[in-house]
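Trainee: Below: one structure in structure tokens.
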Amino acid sequence: MIVFKDVSKIYHMGDEVVKALDHANIHIRQGEFVSIIGPSGSGKSTLMNIVGCLDTADEGEYFLDGLSIKKYSEKSLAMIRNRKIGFIFQNFNLIMTMTAEENVELPLIYQGLPLSERRERVKEALELVDLYPRRKHTPNQMSGGQQQRVAIARAVASKPSLFLADEPTGNLDQATGKQIMDIFRKMHEQGNTIVLITHDEHVAQQADRSIKIMDGKVYDESIEAEKAALEEEAKEESAAEVVNEETKEETKPEQKPEQVEETRQSRKEEASR
């Protein structure tokens, strides 16, 4: 679903050249729950922006659902962000003057969905995060955890193929953060693909697997495991070829002295032609 091939992002700060991403290789499959973990300044935000089609790579290629992002126009990228990717941000990004259900419904209006379908999706999404009874409340009438649940419901309502969560528990206490992670696990059990960006090792460990990033360098255990498996397979094939050659030599019938002489004579005649 998500494939990075030697992706780099370069920033020029005066005379200094900074590689926020340095030849990153990533492979995330459909239906996986993956965390991307690294400290502040490691390149997490740059990586997230490229995955979310908010930015583009300077080098290498990014494939989403098998197609290179390079092939998309700005208009097409905007459509992907609206329909294919569900964003969940650390700061919730809710509109304070709107109720919970209005915040959840807003992206669906931009998608041009009819009123009946919008209402059905809003109800389903708010029920998933246990906030339907508070659908008429505005964000300032809710706790931080409840606001994050509204933000998750907003992403869910669009029915994207990918959920991209940027430090979703960063502004929450431990107990509330656990509630949010429980929702992500529930979403994953329903077959959703989730990529979670975090600096918190405890949060990262709750995903199926983790991709680590440090100083723009990415370590994806999945790719490393694939490389190791291919290398092992090549070694086994090479060993099998050696055994086959040895077996052939062992099974050759012994030649009699006159046959050996005939063979030598035949080779000499071929060489003199």
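Every number in this text was worked out from the coordinates using simple rules, so none of it is lab data. All figures in this text were calculated on a predicted structure; none of them were measured in a lab. Please note: Cβ atoms are built from the backbone with ideal geometry, for glycine as well, and neighbour counts cover all protein chains shown.
Trainee: Let me check I've understood the local charge: for Val104, count other residues with C-beta under 14 angstrom from its C-beta, Lys and Arg +1, Asp and Glu -1. What total comes out?
Mentor: Details: positive: Arg118, Arg119, Arg121, Lys123, Arg134, Arg135, Lys136, Arg149, Arg154, Lys159; negative: Glu101, Glu102, Glu105, Glu117, Glu120, Glu124, Glu127, Asp130.
Charge balance in the 14 Å sphere: +2.
Trainee: What does the charge count around Met1 come to, taking other residues whose C-beta lies under 11 Å from its C-beta (Lys +1, Arg +1, Asp -1, Glu -1)?
Mentor: 0
Trainee: I would also like to ask the following. Apply the a/c threshold of 1.5 to the C-alpha gyration tensor of region 2-226 and tell me whether it is rounded, prolate or oblate.
Mentor: Values: a/c = 1.81, a/b = 1.52, b/c = 1.19.
The shape class here is prolate.
Trainee: Between beta-carbons, use under 11 Å as the cut-off and find the net charge around Ile88, counting Lys and Arg +1, Asp and Glu -1.
Mentor: Values: positive: Arg149, Arg154; negative: Asp166, Glu167.
Summing Lys and Arg as +1 and Asp and Glu as -1 gives 0.
Trainee: Let me ask something else about it. With a 10 Å Cβ neighbour count serving as the proxy for reagent exposure, in which order, fewest first, do Ile95, Ile213 appear? List each step's numbers first, then the result.
Mentor: Numbers: Ile95 11, Ile213 24.
Ascending Cβ contact count within 10 Å gives the list Ile95, Ile213.
Trainee: How do Met48, Met96 line up, fewest other C-beta atoms within 10 Å first?
Mentor: Working: Met48 20, Met96 10.
Lowest to highest Cβ neighbour count: Met96, Met48.
Trainee: Ok, one more. If the chain between Asn91 and Lys70 were fully stretched, how many nm would it gain, using 0.36 nm times the residue separation less the Cα-Cα distance?
Mentor: Working: separation 21, 0.36 × 21 = 7.56 nm, distance 2.98 nm.
Result for the pair: 4.6 nm of gain on full extension.
Trainee: Given the Cα-Cα distance of Ile109 and Asp173 and 0.36 nm per residue of separation, how much length would full extension add, in nm?
Mentor: Working: separation 64, 0.36 × 64 = 23.04 nm, distance 3.29 nm.
Between Ile109 and Asp173, full extension yields an extra 19.7 nm.
Trainee: Could you work out how far apart the two model spin labels at Leu77 and Asp215 are, taking each label as a point 7 Å from the Cα in the direction of the beta carbon, and quote it in nm?
Mentor: Those two pseudo-labels are separated by 2.9 nm.
Trainee: Specify whether the C-alpha gyration tensor of region 1-82 places it in the rounded, prolate or oblate class, a ≥ b ≥ c being the square roots of the eigenvalues: rounded for a/c under 1.5, otherwise prolate if a/b is larger than b/c and oblate if not. If you can, show how the numbers build up before the last one.
Mentor: On the way: a/c = 1.84, a/b = 1.30, b/c = 1.41.
The shape class here is oblate.
Trainee: Which percentage, to the nearest 5, of the DSSP beta bridges contained in region 2-226 is antiparallel? Before the final figure, lay out the partial values.
Mentor: Details: 20 of 38 bridges.
If we restrict to bridges inside region 2-226, about 55 percent are antiparallel.
Trainee: Something else now. Please work out how much length the chain gains when fully extended from Val18 to Ser161, using 0.36 nm per residue of separation minus the C-alpha to C-alpha distance, in nm with one decimal. All intermediate terms of the calculation are to be shown ahead of the outcome.
Mentor: On the way: separation 143, 0.36 × 143 = 51.48 nm, distance 3.22 nm.
Stretched out fully, the Val18 to Ser161 stretch lengthens by 48.3 nm.
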